[in-house]
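**Student:** Have a look at this one before I ask anything.
The values are calculated or read from the model by the stated rules, or taken from the named source; none is laboratory data. Keep in mind that what you see is a predicted model, and the values were worked out from it rather than measured. Backbone-built Cβ (ideal geometry, glycine too); neighbour counts: all protein chains shown.
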Amino acid sequence: MPCELFFVRYVFYQHCSVWIDQSRLFYLVMRGRAAMDSFSQLILAISVASFFTFQWLFHSVSPWVSTQVSAGFLRLSHKQRIEWNSRTVSTFHALVVGLFCLFILLFDKAVNQDPVWGDPTLVKINVGITTGYLISDLLLMFYYWRAIGDKFFVIHHLAALYAYYYVLVYTVCVRTPGQGMLPYFANFRLLAEFSTPCVNQRWFFEVLGYPKSSKPNIANGVMMAAIFFLVRIAVMPVYYSRMYSVYGTEAFYRVSLGGRSAWIFSSFCLDIMNVMWMHKIARGCYKALRSGRWHKADAQENGKTE
């Protein structure tokens, strides 16, 4: 075989091999992008479904269930009924998302092993549900501003949606559209939702006219203080030790500056507020327990019991 022909064949085969490898790579990338796009569409569908579900719960389910469960609901004013329905929906969301969050924290190995870039599939579903709820709640606050409008909660919801952007749709590069990041830390923060039902129940008791010294109110106050402490204060060492363990690593520096700022700054600000709220809750719980003891002592002196 002439050397020239051998050389031409060699070059042809080399180019074919490179072309085949590049074609395979292109196919894998496109298949990965298609799968990622399909999953992103699923998350979008979950968020939209969550939005309409919470709207339905607010306008239809909560009013009907509340009239069946509590006769006092019918005696409430129009504004109080709006807030009642809003808090009912809030409690339902907190229980669903909180339990899902706990499951992920205990059993999702991918997220626990790589807290920054671990597979965020389950976390995205949970955050998608919360995103739908937050948008629904924002819409209700704006529409019923005189009844449930609150500037602090508007800021809180918008800040949360901004942070969830990095979890749901943040793109690292063109090959990984919508990969998302920080799934462990986003999920860990949702543990705080477990304190919401007791906070709402405190309002329910108040609007129904339960005395602060009543046994249901005191029991709920003690439970609220205990749960608030467990899910917002006691978990701080675990959260920040995990944050410290990834600080300065390659995974950490792959996070954009905006993502790092939203993550670290919001964590510090939120926990400062949590400490302040815990102080107020603890003081309120202590006062309620003391008033309950005094009420019981007065009843015993008068020869009467509750």
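**Student:** Looking only at the stretch 67-102, which residues are part of a helix (DSSP H, G or I) and without any contact (Cβ under 8 Å) to a residue 12 or more places away in the chain?
**Tutor:** Selection gives THR67, GLN68, VAL69, ALA71, PHE73, LEU74, ARG75, LEU99.
**Student:** Tally the residues that are touching an Asp or Glu at 6+ places or on another chain (Cβ under 8 Å) and of a type in the set (Asp, Glu), restricting the search to the stretch 203-253.
**Tutor:** 0
**Student:** Answer yes if at least one residue in the stretch 163-176 is in contact with a Pro (Cβ under 9 Å, 6 or more places away or on another chain) and surrounded by fewer than 19 Cβ atoms within 10 Å (Cβ to Cβ), and no otherwise.
**Tutor:** yes
**Student:** Got a number for residues in the stretch 50-91 being of a type in the set (Gly, Ala, Ser) and within 26 Å of the chain's Cα centre (by Cα)?
**Tutor:** Residues in the stretch 50-91 being of a type in the set (Gly, Ala, Ser) and within 26 Å of the chain's Cα centre (by Cα): 6 in total.
**Student:** Might you check whether a residue that is under 19 Å from TYR164 (Cβ atoms), crowded, with 17+ Cβ neighbours inside 10 Å and touching a Gly at 6+ places or on another chain (Cβ under 6 Å) occurs anywhere in the stretch 49-66?
**Tutor:** yes
**Student:** May I pose another question? State which residue is modelled with the lowest pLDDT when the search covers only the stretch 197-254 and only residues that are part of a loop (DSSP other than H, G, I, E, B) and among the hydroxyl-bearing types (Ser, Thr, Tyr).
**Tutor:** SER213
**Student:** Between a residue in the stretch 232-253 that is closer than 20 Å to CYS269 by Cβ and any residue that is of a type in the set (Asp, Glu) and assigned to a helix (DSSP H, G or I), which pairs come within a Cβ distance under 8 Å, given they are 6 or more apart or on different chains?
**Tutor:** Final answer for the pair search is ARG232/ASP271; MET236/ASP271.
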